[in-house]
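Everything below concerns the one structure shown next.
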Amino acid sequence: MSFTWRCPSNIAFVKYWGKKPNQLPCNASLSMILSASYSEVRLELKEKKSKEEIEIDYFFENKKNELFEEKVKRYIEKNRIYFPSVLQFRLRFDSTNSFPHSAGIASSASAFGAIALALLDAEYSLTNKALDTYFYQKASSLARLGSGSASRSILPAFSVWGKVEGFETSSDEFAVPVLEVHKHFQNLKDTILIVDNQPKSVSSTIGHSLMQNHPFASNRFTQANERVKTMIEILRQGDEEQFIHIVESEALTLHAMMMTSNEYYLLMKPNTLQIIEEIWRFRKQTNIPICFTLDAGPNVHIIYPESYQKEVRYFLKNNCNNYKIDSIFDEIGLGPKKMNEIIA
Ligand code: DP6
């Protein structure tokens, strides 16, 4: 039997940075799911060869990937109570990414999203359960246990992960949808300019842990929680100016946290700053509601409404071409997708 899921990556507008044990966030975050940048994972259930509790093979782009195999094995071991029926089998994972391996795009969100969906789908199928809304909530929670931001890759459009005051359904365990979105934000584009494709000097895991003794941690967590609340309101009302203000400030605040942790570091590159300056100049000249955000890396996500696509493409070609080595044209997406029916 096999279970294949395609799960997109997401881009956070209010950032998750800092975590508690069991992959619980120090603050709430809000993101938009993408469409073109996704991972696809096929899980095949095979006959077991030994008496070992967990037998797994992990292939990435047709090659055995021992490092990730170990990571996924540890993840399954830790969460084995959720997959009792699946673990009666040997598990073979075959995964691919739609974006180039070298693009420097964080793939843990899309990969763990797809892995959690495939494992849970297999468990549901073996126990004859239907894929209801609760399935997606559980998948988000299981994806979170693999990678925090993966919790937000299970839902379409905009989602919030982390308990937010006044948002009753929100939770630290899983992401929930932001349901009321103004037309200004329903067709957002995200063009990712790849500035550098080398492995990061400091991983996100270390980055999160540096928030533990960070001098500004408690203010930052309060700020992010407030901003999630404000952003939900902005998305409802359609205020583009306020949206841009929070999105850009969040990107710079995330990097400011890195620069001001006890062991300080810097992930932006000179070209990251060049692109930011270009965006600010272009916005001032044209009044087009375009802005940037950053992940924990040097690449720049450029966010703008679909209606300004032509102008922005022209701007990118003329003003940003020298600062990037590649671009990915992405946009708001519909969420994960099951790719096949069960083949018995
Ligand atoms: C900067 O989700 O990659 O992208 O939970 O350790 O897997 P782990 O961290 P990860 O952190 C992503 C942080 C971020 C901001 C965000 O996506 O909210």
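Determine the calculated [θ] at 222 nm for the chain from helices alone, applying -39500 (n - 2.57) to every DSSP H run no shorter than 4 residues and normalising by the residue count; nearest 500 deg cm²/dmol.
Computed mean residue ellipticity for the chain: -11000 deg cm²/dmol.
The chain: longest stretch without exposed trypsin sites (Lys or Arg not before Pro) (DSSP loop, at most 13 other Cβ within 10 Å), sites themselves excluded?
Looking at the chain, 130-344 is the longest stretch - no exposed trypsin sites (Lys or Arg not before Pro) with at most 13 other Cβ atoms within 10 Å.
Give the cross-link partners of Lys19 among the lysines, using a straight C-alpha distance below 25 Å as the criterion and excluding same-chain residues fewer than 8 apart.
Lys71, Lys73, Lys78, Lys138, Lys163, Lys200, Lys229
How do Tyr264, Tyr134 rank by accessible surface area computed with a 1.4 Å probe, from largest to smallest?
The most accessible residue leads, giving Tyr264, Tyr134.
Per the Kirkwood formula on distinct C-alpha pairs, the Rh of region 1-106 is how many angstrom?
Kirkwood hydrodynamic radius for region 1-106: 15.8 Å.
Mind pulling the angle between the C-alpha long axis of helix 217-237 and the longest principal axis of the chain? Nearest 10 degrees, somewhere in 0 to 90.
Around 80 degrees separate the two axes.
What does the accessible area of Ser170 come to, in Å² to the nearest 10, when a probe of 1.4 Å is used?
Approximately 10 Å² of Ser170 is accessible to the 1.4 Å probe.
For region 268-333, count the residues as N, evaluate 2.2 N^0.38 Å, and divide the Cα radius of gyration by that value, please.
That works out to 1.05 for region 268-333.
Select from Ser261, Phe185, Leu45 the residue farthest towards the positive end of the dipole of the chain; place +1 on Cβ of Lys and Arg, -1 on Cβ of Asp and Glu, and compute about the Cα centre.
So the residue we want is Leu45.
How much of the accessible area of region 147-285, in percent, comes from carbon and sulfur atoms when a 1.4 Å probe is used? If you can, show how the numbers build up before the last one.
Details: 3470 of 6830 Å².
Carbon and sulfur together cover 51 percent of it.
Debye calculation, C-alpha points only, no solvent: report log10 I(q)/I(0) for region 171-226 at q = 0.19, 0.26, 0.27 Å⁻¹, in the same order as the q values.
-1.10, -1.02, -1.04
Just to confirm, what accessible area per residue do you get for the chain at 1.4 Å probe, in whole Å²?
Accessible area per residue: 47 Å².
May I ask you to list the aspartates and glutamates whose Cα is less than 17 Å away from that of Lys183, ignoring any residue fewer than eight positions away on the same chain?
Glu233, Asp239, Glu240, Glu241, Glu306, Glu331
In Å and from the alpha-carbon atoms only, list the Rg and Dmax of the chain.
So, for the chain, Rg and Dmax equal 20.0, 67 Å respectively.
In cubic angstrom, how much convex hull volume per residue do the alpha carbon atoms of region 28-68 span?
Numbers: hull volume 6.6 nm³, N = 41.
Looking at region 28-68, the number lands at 161 Å³ per residue.
Using the Cα atoms of region 144-279, I'd like the radius of gyration and the largest Cα-Cα distance, Dmax, both in angstrom.
Rg and Dmax of region 144-279, Cα atoms, are 16.2, 43 Å.
As a test of reading the structure, rank Leu210, Leu294, Leu179 by solvent-accessible area (1.4 Å probe, protein chains only), most first. Before the final figure, lay out the partial values.
Numbers: Leu210 35, Leu294 0, Leu179 150 Å².
If we order Leu210, Leu294, Leu179 from most to least accessible, we get Leu179, Leu210, Leu294.
When averaged across all projection directions, what area in nm² does the alpha-carbon convex hull of region 61-149 cover?
Working: hull surface 24.9 nm².
Averaged projected hull area, Cα only: 6.2 nm².
Give the longest segment of the chain that steers clear of GluC sites (Glu not before Pro) in DSSP loops with at most 13 neighbouring Cβ atoms within 10 Å, not counting the sites themselves.
Here the longest segment lacking exposed loop sites spans 62-164.
So if I average 1/r over every pair of distinct C-alpha atoms in region 221-326 and take the inverse, what Kirkwood radius in Å does that give?
On the way: mean 1/r = 0.0669 Å⁻¹.
Final number for the Kirkwood radius of region 221-326 is 15.0 Å.
Report, ordered by chain and residue number, the lysines lying within cross-link reach of Lys317, taken as a straight Cα distance under 26 Å and ignoring same-chain residues fewer than 8 apart.
Lys189, Lys269, Lys284
The values are calculated or read from the model by the stated rules, or taken from the named source; none is laboratory data. Only a predicted model underlies this, so the values are computations on that prediction, with no experimental measurement involved. As a convention, Cβ positions derive from the backbone with ideal geometry for all residues, glycine included, and neighbour counts pool all protein chains shown. Just so you know, the surface numbers come from the protein's heavy atoms only, side chains and all, with ligands and any DNA or RNA stripped out. Shrake-Rupley method; radii C 1.70, N 1.55, O 1.52, S 1.80 Å.
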